[in-house]
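So the structure is just underneath, and the comments pick up after that.
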Amino acid sequence: MGLGSLVGTVRRKATMTDPNIPKLVKELRERLGLTQEQFAQKVGVTYGSVNHWENGKRRPQPFLVRRLLEMKQELDAESKRPSKRKPCE
């Protein structure tokens, strides 16, 4: 296998498992009730970065993609927990 075909294989594998970044960023931001600017501060990036991610113009660095996926898992886990409220008597 030549180097060119190996690079093509690696690129295809990466895109097959990559999350839909624009959808993920917007979903997280909206679930948290944050503006793009507020979300950027929470993640530790600029407003422009979040805006570009949501519009599909750029992709976050791999470590940030992992953090975004962790945030989604945390939100999903929180939403599955039973409510701690006492029933009305």
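The values are calculated or read from the model by the stated rules, or taken from the named source; none is laboratory data. This structure is a prediction, so every number in the text was calculated from the model and none was measured. Reconstructed Cβ throughout: ideal geometry from the backbone, glycine too, with neighbour counts over all protein chains shown.
Of note:
Matching residues to (1) aromatic (F, W, Y); (2) modelled with pLDDT under 80; (3) assigned to a loop (DSSP other than H, G, I, E, B):
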{"site": "G8", "(1), (2), (3)": "no, yes, no"}
{"site": "Q41", "(1), (2), (3)": "no, no, no"}
{"site": "W53", "(1), (2), (3)": "yes, no, no"}
{"site": "R58", "(1), (2), (3)": "no, no, yes"}
{"site": "F63", "(1), (2), (3)": "yes, no, no"}
{"site": "D76", "(1), (2), (3)": "no, no, no"}
{"site": "S79", "(1), (2), (3)": "no, no, no"}
{"site": "S83", "(1), (2), (3)": "no, yes, yes"}
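- Matching residues, segment 23-37, being outside any loop (DSSP other than H, G, I, E, B) and either surrounded by fewer than 14 Cβ atoms within 10 Å (Cβ to Cβ) or out of contact with any Leu (no Cβ under 8 Å at 6 or more places or on another chain) (or both): K23, K26, E27, R29, E30, L32, Q36, E37
- Within segment 16-72, the residues that satisfy the criterion of being of a type in the set (A, V, I, L, M, F, W, C) and without any contact (Cβ under 8 Å) to a residue 40 or more places away in the chain are M16, L34, F39, A40, V43, V45, V50, W53, F63, L64.
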